[in-house]
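**Student:** Below: one structure in structure tokens.
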Amino acid sequence: MSLKIGKYEIQHPIIQGGMGLGISWDRLAGTVSAMGGLGTISSVGTGYYQDCRFSKQLRNGRPLGSMNTYSREALMEIFKNARKICGDAPLACNILHVITDYKRVVLDAIDAGANIIVTGAGLPTDLAKIVENFKDVAIVPIVSSGKALKVICRFWQRAGRLPDAVIVEGPMSGGHQGAKEEELMKPEHSLENILTDVVAERDKWGDMPVIAAGGIWTKEDADRIMALGADGVQLGTQFALTYESDAADAFKEVL
């Protein structure tokens, strides 16, 4: 069973979640895409790539400022090295909407060769306008409710686009959920409930695939959530633990 996101065919309906600060960079994302899933390069903290080699200014050993923390040069190198692994297979970039240089990083990712932009941590109502000159680039928001998807679709429709897919993250995911901590584990915020809500909202706008994320560990988990209406699944921790993960061995041992 494949998954279509915009013009891109993903052989297996499995997306590797974007994990920042060196967990999903070239080696992990490139390998996932090479194996028929969708590898996702995280744009977070690219200035740390290869021991801050691409950061022009450091303070106390850390990249200084947004231009260095979200290094264009490092992102270019990460994509170049991922392409050595996956060739021309679809490759995504995850970009947090809350960052200072959001528009700049989106355009950097496109220049670097991202086929798909995945974005969350806020409502990316401006993304469709940012990519208006890049019709082949698929755009995928991350949401935690049907209401959030509705708002995004309304804004993007004005720019002549709709999401090419949508990722719905439940409370067991590593993302940024739209609920207070003390309310997060209530039944109404479970992945199963919000998935149903998002699928119902999706149906009002078209047939974009819905991808579920959060607490999906086994094939049985994936089958169960897809039986509830998801078209694919996103996994993070499973991939963070792999040999190909860009994370440090000590981090993997902790997990």
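**Student:** Answer yes or no as to whether residue 31 is of a type in the set (Ser, Thr, Tyr), modelled with pLDDT of 95 or more and not in a helix (DSSP H, G or I). Steps first, please.
**Tutor:** Working: of a type in the set (Ser, Thr, Tyr): yes; modelled with pLDDT of 95 or more: yes; not in a helix (DSSP H, G or I): no.
Judged against the criteria, residue 31 is not a match.
**Student:** If you don't mind, there's one more thing I want to ask. I'm checking my understanding of the structure. Among residues of the stretch 225-234 that are of a type in the set (Gly, Ala, Ser) and in contact with a strand residue (DSSP E or B) (Cβ under 8 Å, 6 or more places away or on another chain), which one is farthest from residue 213 (Cα to Cα)? Walk me through it before giving the result.
**Tutor:** Step one: of the stretch 225-234, the residues of a type in the set (Gly, Ala, Ser) are 227, 229-230, 232.
Next cut, in contact with a strand residue (DSSP E or B) (Cβ under 8 Å, 6 or more places away or on another chain) only: 229-230, 232.
Numbers: 229: 13, 230: 10, 232: 9 Å.
Out of the qualifying residues, it is 229.
**Student:** Determine which single condition residue 105 fails, assuming it passes every other condition in (1) touching a residue at least 60 places away in the same chain (Cβ under 8 Å); (2) part of a loop (DSSP other than H, G, I, E, B); (3) out of contact with any Gly (no Cβ under 7 Å at 6 or more places or on another chain); (4) within 19 Å of residue 20 (Cβ to Cβ).
**Tutor:** (2)
**Student:** Inside the stretch 32-43, can you point out the residues that are open to solvent by 30 Å² or more (accessible area, probe 1.4 Å) and in contact (Cβ under 8 Å) with a residue 24 or more places away in the chain?
**Tutor:** If we filter the stretch 32-43 for residues that are open to solvent by 30 Å² or more (accessible area, probe 1.4 Å), which is where we start, we get 34-35.
34 - this is the single residue of the stretch 32-43 that is open to solvent by 30 Å² or more (accessible area, probe 1.4 Å) and in contact (Cβ under 8 Å) with a residue 24 or more places away in the chain.
**Student:** Right, another one. Name the pairs whose Cβ atoms lie under 6 Å apart, with the first residue in the stretch 1-19 and touching a residue at least 40 places away in the same chain (Cβ under 8 Å), the second open to solvent by 100 Å² or more (accessible area, probe 1.4 Å) and in a loop (DSSP other than H, G, I, E, B), and 6 or more positions between them or separate chains?
**Tutor:** 13/1
**Student:** Whether any residue in the stretch 108-115 is without any contact (Cβ under 8 Å) to a residue 40 or more places away in the chain, out of contact with any Leu (no Cβ under 7 Å at 6 or more places or on another chain) and crowded, with 17+ Cβ neighbours inside 10 Å is what I want to check.
**Tutor:** yes
**Student:** Any residue at all in the stretch 1-16 that is buried (at least 19 other Cβ atoms within 10 Å of the Cβ), of a type outside the set (A, V, I, L, M) and in a helix (DSSP H, G or I)?
**Tutor:** Taking every residue of the stretch 1-16 in turn, none turns out to be buried (at least 19 other Cβ atoms within 10 Å of the Cβ), of a type outside the set (A, V, I, L, M) and in a helix (DSSP H, G or I).
**Student:** Still on this structure, I have one more. Kindly check whether there is at least one residue in the stretch 87-94 that is polar (S, T, N, Q) and open to solvent by less than 20 Å² (accessible area, probe 1.4 Å).
**Tutor:** So the first thing to find is which residues in the stretch 87-94 are polar (S, T, N, Q), and the list is 94.
Still in the running and open to solvent by less than 20 Å² (accessible area, probe 1.4 Å): 94.
Yes, the stretch 87-94 contains a residue that is polar (S, T, N, Q) and open to solvent by less than 20 Å² (accessible area, probe 1.4 Å).
**Student:** Hey, another quick one. Is it fair to say residue 237 is surrounded by 14 or more Cβ atoms within 10 Å (Cβ to Cβ), of a type in the set (Ser, Thr, Tyr), modelled with pLDDT under 95 and out of contact with any strand residue (DSSP E or B) (no Cβ under 6 Å at 6 or more places or on another chain)? Steps first, please.
**Tutor:** Values: surrounded by 14 or more Cβ atoms within 10 Å (Cβ to Cβ): yes; of a type in the set (Ser, Thr, Tyr): yes; modelled with pLDDT under 95: yes; out of contact with any strand residue (DSSP E or B) (no Cβ under 6 Å at 6 or more places or on another chain): yes.
The answer is yes for residue 237.
The rows are residues; the columns are (1) open to solvent by less than 10 Å² (accessible area, probe 1.4 Å); (2) of a type in the set (A, V, I, L, M); (3) farther than 24 Å from residue 222 by Cβ; (4) in a helix (DSSP H, G or I).
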{"position": "141", "(1), (2), (3), (4)": "yes, no, no, no"}
{"position": "160", "(1), (2), (3), (4)": "no, no, yes, no"}
{"position": "164", "(1), (2), (3), (4)": "no, no, no, no"}
{"position": "171", "(1), (2), (3), (4)": "no, no, no, no"}
{"position": "182", "(1), (2), (3), (4)": "no, no, yes, yes"}
{"position": "195", "(1), (2), (3), (4)": "yes, yes, no, yes"}
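**Student:** Determine the pairs where a residue that is more than 21 Å from residue 38 (Cα to Cα), located within the stretch 198-220, has a partner that is open to solvent by 50 Å² or more (accessible area, probe 1.4 Å) and part of a helix (DSSP H, G or I) with Cβ atoms under 7 Å apart, the partner being 6 or more residues away or on another chain.
**Tutor:** Filtered contacts from the stretch 198-220: 201/150.
**Student:** Could you please give the count of residues in the stretch 207-219 that are at pLDDT 95 or above and part of a loop (DSSP other than H, G, I, E, B)?
**Tutor:** Within the stretch 207-219, residues that are at pLDDT 95 or above and part of a loop (DSSP other than H, G, I, E, B) number 2.
The values are calculated or read from the model by the stated rules, or taken from the named source; none is laboratory data. Because the structure is predicted, anything quoted here is derived from the model rather than measured. Here Cβ is always computed from backbone atoms with ideal geometry, including for glycine, and neighbour counts include all displayed protein chains. Note: accessible area is taken over every heavy atom of the protein model, side chains too, but ligands, DNA and RNA are not part of it. Shrake-Rupley method; radii C 1.70, N 1.55, O 1.52, S 1.80 Å.
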